[in-house]
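J.: Pasting in a structure now, in structure tokens, and then I'll have a few things to ask.
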Amino acid sequence: MDFSFTSEQTQLADAIRRYVTNEYSFEARQKTVYSETGVSEAAWRQLADLGVLALPIDEESGGFGGTAVDMLLVMQELGRGLVVEPVLSTVFAAEFIKRSGTAAHKALLAQVADGSLKLAAALHEKQARHELFNVETSARATAEGYLLQGAKTVVVHGAQAHRLVVSARLSGGSREKGGLALFLVDPTARGVTRREYRTIDGLRAADISFAGTTLPRDALLGVAGEAWPVIDAVSDYGVALLCAESIGVMEMLNSQTLEYTKTRKQFGQPIARFQALQHRMVEMFMQLEQARSMAYLAAVKLASADDAERRRAVSAAKVRIGQAGKYVGQQAVQLHGGMGVTNELPAAHYFKRLTMIELSLGDTDHHLARFIEEGREVSVSEALRHAA
């Protein structure tokens, strides 16, 4: 794929790369991971100053109005540094507000742009696996607003967020796509409980329960009972960001593995000279480049007016990148030998992040099934059109 970036996009990517290289070392990251909060406020402020948080926010809300392609470059660089600050969770949740929030809600986006407001999306439930429409958390309309009851699991950076975007069911069965609504919730409100923990890739997540939490009427995002199309579209946006991040992760794994094979000696020579290992490293490079092309395609297709085209492109990218991440990660660990699984070596942490990306917002099997299903629906619609 021939994909050229503008000078402004390249300059932003270069600025983030310099920051990650010079100030976000692996050692500094590890200190942050094992700190009490799991994030660095200093790093968060620097990322905000670089414009990372303002980039996807509309200009009228104090941002730069960047596209998914702009964010692709940002996420690649954050992936290279294994950045653990809640950039992805905040940008992902902000997209819900952008698409379905009122003017009052969108006023909060200015705080996202300047780094003073962190967000998280609470969408997953324990019975749902990867089906975001499988929602048992309920919202009941009251005279004052809504009463929220239920629980969400593995909310990435849920304990660090100042506001939560929560999906809940107003009507229908637990697996129906109709009857869903989105709410903007203050996590300090009465009845909200957060249980935080560290995930295997060093990020923080939380299980969040809502025990009769009272929400005002203006907590509703969009139209009551019609949230599924927004959830579906924004989850694809999140998948595209994850795909972009994985490219940066794989770039670093390839680079570190190549460097290691040049310095590790066996039988009196660097193991990089062994032809069998050269073949494996070439295949790692090819896997990365194929994944990169799919990540670019997904970012471009997010702007498609055809929802089916968007879904197929995003799911195809998630499948291909999941496969590539598994291959590159496993080969990197094997080529590093026993050191490849130790916490002292960055390669192990890059592999852990790739593993978590593969599981986030639908794993490879889920998106393969979705891709196939979308293909069937497209074929049926084309057949009906030709018959007419």
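Nothing in this text is a laboratory measurement; each read-out follows from the coordinates by a stated rule. Given the structure is predicted, the values throughout are model-derived calculations rather than measurements. For neighbour counting, all protein chains shown are included, and Cβ atoms are generated from backbone atoms with ideal geometry for every residue, glycine included.
J.: In segment 1-63, which GluC sites (Glu not before Pro) are in a loop and have at most 15 other Cβ atoms within 10 Å, using DSSP for the loop call?
T.: Taking segment 1-63 and a limit of 15 other Cβ atoms within 10 Å, the loop GluC sites (Glu not before Pro) found are E36.
J.: Hey, if you put +1 on the Cβ of every Lys and Arg and -1 on every Asp and Glu Cβ in the chain, which of A272, A110, G222 ends up farthest toward the positive end of that dipole?
T.: So the residue furthest toward the plus end is A272.
J.: Can you pull out the trypsin sites (Lys or Arg not before Pro) in segment 1-88 whose DSSP state is coil and whose Cβ has at most 14 other Cβ atoms within 10 Å? Working shown, then result.
T.: Details: sites: R17, R18, R29, K31, R45, R80; in loops: none.
Filter output for segment 1-88: empty list.
J.: Let me ask something else. If you scale each eigenvalue of the Cα gyration tensor by 5 and take the root, what three semi-axes come out for segment 65-138, rounded to whole angstrom and sorted largest first?
T.: The equivalent ellipsoid of segment 65-138 has semi-axes of 23, 19, 12 Å.
J.: What is the antiparallel percent of DSSP beta bridges lying wholly in the chain, to the nearest 5? Can you show the working numbers first?
T.: On the way: 31 of 37 bridges.
Beta bridges within the chain, antiparallel portion: roughly 85 percent.
J.: Rank V20, A313, F285 by how far each Cα sits towards the positive end of the charge dipole of the chain (+1 on Lys, Arg Cβ; -1 on Asp, Glu Cβ) and give me just the farthest.
T.: Going by the charge dipole, the pick is F285.
J.: Taking Cα centroids, how far is segment 20-41 from segment 79-117 in Å?
T.: Centre-to-centre (Cα) distance: 21 Å.
J.: Where q = 0.18, 0.20, 0.22, 0.26 Å⁻¹, what log10 of I(q)/I(0) comes from the Debye formula for segment 19-77, counting one point per Cα?
T.: -0.72, -0.83, -0.92, -1.06
J.: Compute the long axis of helix 228-263 from its Cα atoms, compare it with the longest principal axis of the Cα atoms of the chain, and write down the angle in degrees, 0 to 90, nearest 10.
T.: Here the helix axis deviates by roughly 10 degrees.
J.: Which angle from 0 to 90°, rounded to the nearest 10, does the C-alpha axis of helix 87-100 make with the longest principal axis of the chain?
T.: Taking the Cα atoms of the chain, the angle to 87-100 is about 30 degrees.
J.: So, one more: Please work out whether segment 97-244 counts as rounded, prolate or oblate from its C-alpha gyration tensor, where a ≥ b ≥ c are the square roots of the eigenvalues and a/c under 1.5 means rounded, while otherwise a/b larger than b/c means prolate and anything else oblate? Intermediate results must be reported in sequence, preceding the final value.
T.: On the way: a/c = 1.23, a/b = 1.14, b/c = 1.08.
It is rounded, given that a/c, with a ≥ b ≥ c, falls under 1.5.
J.: Still on this structure, please answer the following. How large is the convex hull of the C-alpha atoms of the chain per residue, in Å³?
T.: 156 Å³
J.: So if each residue of separation counts as 0.36 nm, and I subtract the Cα-Cα distance between E60 and S255, what length gain in nm does that give?
T.: Here the answer is 66.1 nm.
J.: How big is the equivalent ellipsoid of segment 229-381 along its three axes, where each semi-axis is √(5λ) from the Cα gyration tensor, reported in whole Å from largest to smallest?
T.: 35, 14, 11
J.: Counting other Cβ atoms within 10 Å, keep those with at most 13, restrict to DSSP loop, and tell me which trypsin sites (Lys or Arg not before Pro) in segment 147-232 are left.
T.: Listed in order of number, the matching sites are R175, R190.
J.: Cα convex hull of segment 1-136: how many Å³ per residue?
T.: 154 Å³
J.: Another question, then. Restricted to Cα positions, what overall size does segment 154-196 have along the principal axes? Three whole-Å values, descending.
T.: So the three principal-axis extents are 31, 20, 14 Å.
J.: Related question: Tell me whether segment 233-318 comes out rounded, prolate or oblate; compute the Cα gyration tensor, take square roots of the eigenvalues as a ≥ b ≥ c, and use a/c under 1.5 as the rounded threshold.
T.: Prolate is the answer for segment 233-318, as a/c is 1.5 or above and a/b outweighs b/c.
J.: Could I ask something else about it? Bin width 10 Å, origin at 0, all Cα-Cα pairs of segment 128-176: what percent of pairs per bin?
T.: Pairs per bin, as whole percents: 23, 49, 27, 2.
J.: If you don't mind, there's one more thing I want to ask. Considering the Cα trace of segment 185-235, what is its radius of gyration and what is Dmax, both in angstroms?
T.: Looking at segment 185-235, its Cα Rg and Dmax stand at 14.3, 38 Å.
J.: For labels at E226 and A104 in the simple 7 Å Cα→Cβ model, what's the distance in nm?
T.: Each label point is offset 7 Å from its Cα along the Cβ direction, giving 2.1 nm.
J.: Can you give the helix-only mean residue ellipticity at 222 nm for the chain, where every DSSP H stretch with n ≥ 4 adds -39500 (n - 2.57) and the sum goes over all residues, rounded to the nearest 500 deg cm²/dmol?
T.: Numbers: 12 runs with 201 residues, N = 388.
Only helices count here, giving -17500 deg cm²/dmol.
J.: About the Cα centre of segment 207-272, what is the dipole size in debye to 20, counting +1 per Lys and Arg Cβ and -1 per Asp and Glu Cβ, all else neutral?
T.: Roughly 540 debye, rounded to the nearest 20.
J.: Related question: Using only the alpha-carbon atoms, how far is helix 307-336 inclined from the longest principal axis of the chain? Give it as 0 to 90 degrees, nearest 10.
T.: So the inclination is approximately 40 degrees.
J.: Charges only on Cβ, +1 for Lys and Arg, -1 for Asp and Glu: so what's the dipole of segment 229-381 about the Cα centre, in debye to the nearest 20? Walk me through the numbers before you get to the answer.
T.: Numbers: 17 positive and 17 negative charges, 145 e Å.
With only Lys, Arg, Asp and Glu charged at Cβ, the dipole is about 700 debye.
J.: When each pair of different Cα atoms in segment 189-286 is counted once in the 1/r mean, what is the Kirkwood radius in angstroms, to one decimal? It would help to have the intermediate numbers written out before the result.
T.: Working: mean 1/r = 0.0534 Å⁻¹.
For segment 189-286, the Kirkwood estimate is 18.7 Å.
J.: Can you figure out the FRET efficiency of N343 with E283, using R₀ = 25 Å and their beta-carbon distance, to the nearest 0.05?
T.: 0.40
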